[in-house]
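Structure record follows, encoded as structure tokens.
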Amino acid sequence: MVMGRFIAWRLHRVGPTGLIALLWLVSAAATAAAAAPQPTVGVLYEVRSVATGAVNFLLGTIHSEDPRVTTLSAPVQAAFAASPRFAMEVLPDTQAIIKSMITMTYTDGRTLRDVLPEDLYWQVSAVLEGHGMSEAAYRDFKPWAVVTMLSVPPTKTGAFLDLQFYRTAVTSQKQVKGLETMEEQLALFDQLGVCDQVDLLAETLDSLEQLPAMFESLTLAYLARDLDALMRSSRTYLGGLNARLAAHFWESVVDARNRRMAERMVPLLDQGGWFIAVGALHLPSPNGILQLLRQRGFEVRAVD
């Protein structure tokens, strides 16, 4: 099975351009190789600061526009409405969109055709043009950028869960904050060697027909609030994986990002009033954000 599938499901679209910013479900692939986590059921958690008594909420999300996902439960609606502050992984503002566009394309004179084997390039061209893209639209993309475009379901409404929260927070004049920068998230892909990017692209092309079934499996696990089932479903699709790439993604995408986001949450959680939304698979496991916050002295309990 291919890493490209896990890369794509976690990627965030950052605007009407359809460009995608970054990772989500690759977390499951990496965590699955670690020790089995304690059962984790629930996507919404109350996080209380022992130091200050401040109360906050932490929500695990998936980047989906499926009405089954975007129709919020009463506890999630209430927690969001009661919170004057909102934080997410990266704010999808204009600056982030511009940064993603620049990073996803070659600016040194190379083109996609220059770096792909001839047969793979024509396969990619056929697929992208079947999606209504002209060669002029994709000629400058890096291979990893094409992976992100091919490996997610076609956009229908653009009303993705994470963007829905962001837009509502802005219109409601909540304080908003990003836990990471676009540069930090994009670096994972942009630091991959060309050969690794080409391999991921070839694997993605080979697996396109299997993506809908995978998305549905993961969506059902999410709707059941069963993060362990979400991890098991992702593990089912993992199959064989290049050990070197797996180790790279594990540390860069899962453990390092969990540590970074948890550390940046600490002053917010001590302040109180924050509703924080991050990819659901950053929450469970011994190295997940829930456990990291408990280790830092916060009281964490499932709400929904």
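The values are calculated or read from the model by the stated rules, or taken from the named source; none is laboratory data. Nothing here was measured: the structure is a model prediction, and the numbers come from that model. As a convention, Cβ positions derive from the backbone with ideal geometry for all residues, glycine included, and neighbour counts pool all protein chains shown.
Answer yes or no as to whether Leu283 is aliphatic (A, V, I, L, M) and at pLDDT below 95.
Taking the combined requirement at face value, the residue satisfies it.
When segment 283-301 is examined, which residues are found to be in a strand (DSSP E or B) and either touching a Leu at 6+ places or on another chain (Cβ under 7 Å) or of a type in the set (Ser, Thr, Tyr) (or both)?
Within segment 283-301, Phe298, Val300 qualify.
Within segment 91-108, can one find any residue that is of a type in the set (Lys, Arg) and within 27 Å of Lys174 (Cβ to Cβ)?
Looking through segment 91-108, at least one residue is of a type in the set (Lys, Arg) and within 27 Å of Lys174 (Cβ to Cβ).
Can Arg257 be described as closer than 17 Å to Glu184 by Cβ and at pLDDT 85 or above?
yes
Just checking, which of Leu230, Leu269 is more than 16 Å from the chain's Cα centre (by Cα), closer than 30 Å to Lys174 by Cβ and either modelled with pLDDT of 65 or more or among the basic types (Lys, Arg) (or both)?
Exactly one of Leu230, Leu269 is more than 16 Å from the chain's Cα centre (by Cα), closer than 30 Å to Lys174 by Cβ and either modelled with pLDDT of 65 or more or among the basic types (Lys, Arg) (or both), namely Leu269.
Condition first: more than 14 Å from Leu44 (Cα to Cα), aliphatic (A, V, I, L, M) and touching a residue at least 40 places away in the same chain (Cβ under 8 Å). Now tell me which residues in segment 251-304 satisfy that.
Hits for segment 251-304 are Val253, Val254, Met261, Met265, Leu268, Leu269, Leu293.
If Gln77 satisfies all but one of (1) polar (S, T, N, Q); (2) modelled with pLDDT of 95 or more; (3) not in a helix (DSSP H, G or I), what's the number of the condition it fails?
(3)
Against the definition (under 22 Å from the mean Cα position of the chain (by Cα), modelled with pLDDT of 95 or more, of a type in the set (Phe, Trp, Tyr) and within 15 Å of Arg48 (Cβ to Cβ)), how does Phe298 come out, yes or no?
No.
Being surrounded by 14 or more Cβ atoms within 10 Å (Cβ to Cβ), within 18 Å of Leu150 (Cβ to Cβ) and free of Cβ contacts under 8 Å to residues at least 60 places away in the same chain is true for just one of Leu112, Leu120. Which residue is that?
Going through Leu112, Leu120 in turn, the sole match is Leu112.
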